[in-house]
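Notes follow the structure.
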Amino acid sequence: MENTRATPEAEVWSLLLPPSAHVLCHAQEPPPVVRALARRGARVDVVTRCDLETWLQAAPQLPGRVRGLWEPDADVEYDLALLWDPATVREVKVWLEALQALPLPPREIALWTRNRFRGARAPHWFDCDRVLRRAGYRAARADLALPDADRVRQLVGWNAYTTTPLVRHARTHRPWKERLEKSVAGRLLQPARLRLATLPGIAPCASAFERILESAAGTWERIARVERLLVSPNGVAIAIVESEHGARAVLKTAYRAAAEGRVARNASALIFLTDQATRLDAWSGVAPALLAQGTSGAWTFTLEEHVRGTPLQSWAPTEAAAALPRAAAFLAALGTLGDRPQRIAPEFLERTSGAAVRATCALLAPDQASRLQRIWESILERLAGVAVPLVPRHGDFKLENILGEPGSSAMRVLDWELWTPRGLPLLDAWHLIGSRRARAAGVSLGEGLRRWILPADLDAHERALLHSLASELDPRFVAVTPLLYWLDRLGPIAARGAWPSPVWAETNVARVLEAVQPSMEVHV
């Protein structure tokens, strides 16, 4: 069964709810959307039978904004009532009866339900709508979550699923698109749905997303339509929008508090690269242009140029390999914007790679944590007194984020959310190689490290790329960069406080630790 209730992406539904001062939520256990609403200023009363105190301990930043109740508070005028993940139609009826018993029923209600045809215990969507209407509510907008495709979920209107452009990926796009086009009832196969409803005579309030679009239109152009709304597991919602004059742009907003820094870093990178256009010369137009940024209530957003092109990941292997020298040339151009080589300050290493080591050790068994600590101490010893230039880094430089067309020298680079203006060189190059190898073989990052990167089992294109970027770097630094790259990828994940799964931790952490000797060097 798909446990949508427990996934961080469930917080994105707060984007489609109307901003409310006081929310009443009925749930078997508090959903992630409660945290999202409370963080943006709402007071949330959760009617639940679970141990809410234990749940709140995991969210210490919400004291006073969320409280657990056995029944709704009759003295509170709720703006919005939310029922999350009911198991039966009877639960929906009982919820509506409780709302009608309030002195002032909420003007708007929302019902999130998973799909009963996907192995879940849930009421049929049409039954829910019928019960809402019988209770006197007028059904308003409904939104569907389309299935995962290449780690991105898509949200669409209830009747827009067949006409919405889908996430394109060789493994998922074609069968998914064919299913939706052939099946009239295709929406019944989707993972989850959010239905809004209002009392008769009351106009629905604009959702947080609709208000963001209005604010964005005030800083750019009037937005005529939303082509697609994508949900990244990193906590960023991405909308492809089109203005009334036909111009297209990419709107980004963080639906999780931890992702606000990603959106801000992406905007900072685009501003920095625009300011450095003269120094970048021929590479000045590689990154998208930042069109606007602003706020809408408690939400921040950015608008950037929509870039056309095909991700290098979808190119034929020979064509993608032939494009590697151009990718290397762009990284070299970025490097010219960096500092002159100087001794790496221990404080810098502790703040970057050292933070990743500490976060990772906190999630490991004592013997594994001890082994990782020894590896880290060996790296620090090798880098003592080594002079290295700190350079601008993309942070997620991989084929999926590089757009172009086979046979053309033009290249665009997207998704600067992990950008840093002063980072260690070569790590972006290792990610380009490692992610390319892992994706082609269908293996994890850790498996790719053990198979190719740590043994330096590279092809001619990859060796040429590394040699072109490492030729002026101290060999002592170059020798430990694969391990620094590994820590660079682990750090943001470990900082969440838990691994994605035990299997992920085994393949990407435990097995790599077994393969690495504290004294290991990688010669490229």
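Given R₀ = 30 Å, what would the calculated FRET efficiency be for Arg133 paired with Leu104, taking r from the Cβ atoms and rounding to 0.05? Here the calculated transfer efficiency is 0.90. Once both labels are positioned 7 Å from their Cα atoms along Cα-to-Cβ, the gap between Val386 and Glu214 label points is 5.5 nm. Each label point was placed 7 Å from the Cα along the Cα-to-Cβ direction; for Arg340 and Ala258 their separation is 4.1 nm. Put a dot 7 Å past the Cα of Arg422, heading toward its Cβ, do the same for Ala329, and the two dots end up 3.1 nm apart. Please work out whether the stretch 211-305 counts as rounded, prolate or oblate from its C-alpha gyration tensor, where a ≥ b ≥ c are the square roots of the eigenvalues and a/c under 1.5 means rounded, while otherwise a/b larger than b/c means prolate and anything else oblate? In terms of gyration-tensor shape, oblate.
Can you tell me the length gained on complete extension of the stretch Asp281 to Arg439, counting 0.36 nm per residue apart and subtracting the Cα distance?
Details: separation 158, 0.36 × 158 = 56.88 nm, distance 3.22 nm.
The span from Asp281 to Arg439 would gain 53.7 nm if fully extended.
When mean projected area of the Cα convex hull in nm² is calculated directly from the model, which label among (i) 31.3; (ii) 23.8; (iii) 25.5 fits? Checking each listed value against the structure points to (iii).
In sequence order, the stretch 412-425 has phi-based couplings of 10, 10, 10, 6, 9, 5, 9, 4, 9, x, 9, x, 6, x Hz under the Karplus curve 6.51 cos²θ - 1.76 cosθ + 1.60, θ = phi - 60°, and Gly or Pro positions carry x. When the chain is described by a simple charge dipole with +1 on each Lys and Arg Cβ and -1 on each Asp and Glu Cβ, the residue from Leu99, Leu418, Trp504 located farthest towards its positive end is Leu99.
Hey, how much of the P(r) for the stretch 310-515 falls beyond 24 Å, as a percent of Cα pairs? So the portion of pairs separated by more than 24 Å is 41 percent. Take every pair of alpha-carbon atoms less than 8 Å apart whose residues are at least six positions apart; their mean separation over the length of the chain yields a relative contact order of 11 percent.
Under DSSP H, which helices of the chain have Cα atoms covering 18 Å or more of the helix axis and a Kyte-Doolittle average no less than 0.0? Kindly include the intermediate steps, with their values, before the conclusion.
Numbers: long enough: 260-275 (23 Å, 0.19); 366-383 (26 Å, -0.72); 427-441 (21 Å, -0.20); 475-494 (29 Å, 0.69).
Those that pass (Cα extent of 18 Å or more, hydropathy at least 0.0) are 260-275, 475-494.
Among 30-41, 70-81, how do they line up from the highest to the lowest mean number of other beta-carbon atoms within 10 Å? Write out the running numbers ahead of the final one.
Numbers: 30-41: 22.6, 70-81: 15.7.
Result, highest mean first: 30-41, 70-81.
Expressed as a whole percent, the proportion of Cα-Cα pairs in the stretch 279-338 lying more than 20 Å apart is 51%. The calculated FRET efficiency for Phe126 paired with Asp367, based on their beta-carbon distance and R0 = 60 Å, is about 0.65.
No value in this document is a laboratory result; all are computed from the given coordinates. Predicted model only: the values in this text are computed from it and were never measured. Cβ sites come from the backbone with ideal geometry, for glycine too, and all protein chains shown count toward neighbours.
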